[in-house]
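The values are calculated or read from the model by the stated rules, or taken from the named source; none is laboratory data. Since this is a predicted model, take the numbers as computed values, not measurements. Using ideal geometry, Cβ is built from the backbone for each residue, glycine included, and neighbour counts are taken over all protein chains shown.
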């Protein structure tokens, strides 16, 4: 519409509604596709639902990095959901295979690991009082670990699910569970200098969170980067198996860990690789 004032018209333009900015889920999906990954419409919807579920639970803002292993290529499976390309995308070392059906898989060997580039000592707000690390995997043939450290007091680890060994500043071994031979979500979370828990959810428990250990040990920070498929800091106890999900975050309580595992498993269902 033009309105004439004197001899010169004044042109006014009426724009339509402004589209909303992309959500973190939209940005992640675009990064997966740009890296050569493939996603169906239903899978893209599941990714958006995963994000909204974490927001609703009040835990997305606590996430430092999330690795969903989606898209089916090395480049797409490496992408950090929270900040694609921002420094915590995975670097795969050794021999790996990647798919939408199984995530990222490798044999248990010291040369086979994914570097998260996340150093809890420098990248977390407080690794000694407010930190959580966990993953979902289907075990390989060997017992192994994922995490960081060189000794009991410096470990932040989860086991490779042929056993349930989990450490977080302690040398405690946890009892095994039948579900681990198939797969599980396992996490450790520290919420104070002398308070941490290890938790699991698996098919044997029907997805119900189990607190496997409560410890009061303190943690001696290890200055290095968390590895998936091996311990960052040592070549001992390689992990192997199929990696389907991993995260690092601020400390999470049992309700938040249950919400995270539920959202994770719902996401996995869209890719036919859910654990329960």
Report task. Would you mind stating whether residue 69 is under 24 Å from residue 269 (Cβ atoms) and surrounded by 20 or more Cβ atoms within 10 Å (Cβ to Cβ)? Result -> yes
Report task. Mind checking which strands (runs of 3 or more DSSP E) fall wholly inside the range 181-254 and carry at least 2 residues that are within 21 Å of residue 265 (Cα to Cα) and touching a residue at least 60 places away in the same chain (Cβ under 8 Å)? Result -> 184-192, 195-202, 241-249
Report task. Show the residue pairs that are 6+ apart or on different chains and have beta-carbon atoms under 9 Å apart, the first residue being within the range 24-50 and free of Cβ contacts under 8 Å to residues at least 12 places away in the same chain, the second being in a helix (DSSP H, G or I). Result -> 34/75; 34/76
Query raised in the report: Can you pull out the residues in the range 97-122 that are free of Cβ contacts under 8 Å to residues at least 60 places away in the same chain and surrounded by fewer than 19 Cβ atoms within 10 Å (Cβ to Cβ)?
Result: 97, 99, 111
**Report entry** Failed condition for residue 233, given (1) within 19 Å of residue 122 (Cα to Cα); (2) touching a helix residue (DSSP H, G or I) at 6+ places or on another chain (Cβ under 6 Å)
**Finding:** (2)
Report task. Return yes or no: is residue 58 closer than 19 Å to residue 189 by Cα, more than 15 Å from the chain's Cα centre (by Cα) and at pLDDT 95 or above? Result -> yes
Query - Single unsatisfied condition, residue 263 versus (1) closer than 16 Å to residue 63 by Cβ; (2) buried (at least 19 other Cβ atoms within 10 Å of the Cβ); (3) out of contact with any helix residue (DSSP H, G or I) (no Cβ under 6 Å at 6 or more places or on another chain) - result: (3)
Query - Residues located in the range 154-199, provided they are at pLDDT 55 or above, under 19 Å from residue 216 (Cβ atoms) and touching a helix residue (DSSP H, G or I) at 6+ places or on another chain (Cβ under 9 Å) - result: 156, 167, 169, 187, 189, 197, 199
**Report entry** Matching residues, the range 52-90, being touching a residue at least 24 places away in the same chain (Cβ under 8 Å), more than 20 Å from residue 116 (Cβ to Cβ) and outside any loop (DSSP other than H, G, I, E, B)
**Finding:** 52, 53, 57
Report task. Filter the range 98-113 down to residues that are closer than 18 Å to residue 268 by Cβ and touching a strand residue (DSSP E or B) at 6+ places or on another chain (Cβ under 6 Å), then give me how many there are. Result -> 5
Query - Sole exception among (1) crowded, with 20+ Cβ neighbours inside 10 Å; (2) within 23 Å of residue 227 (Cα to Cα) for residue 86, by number - result: (1)
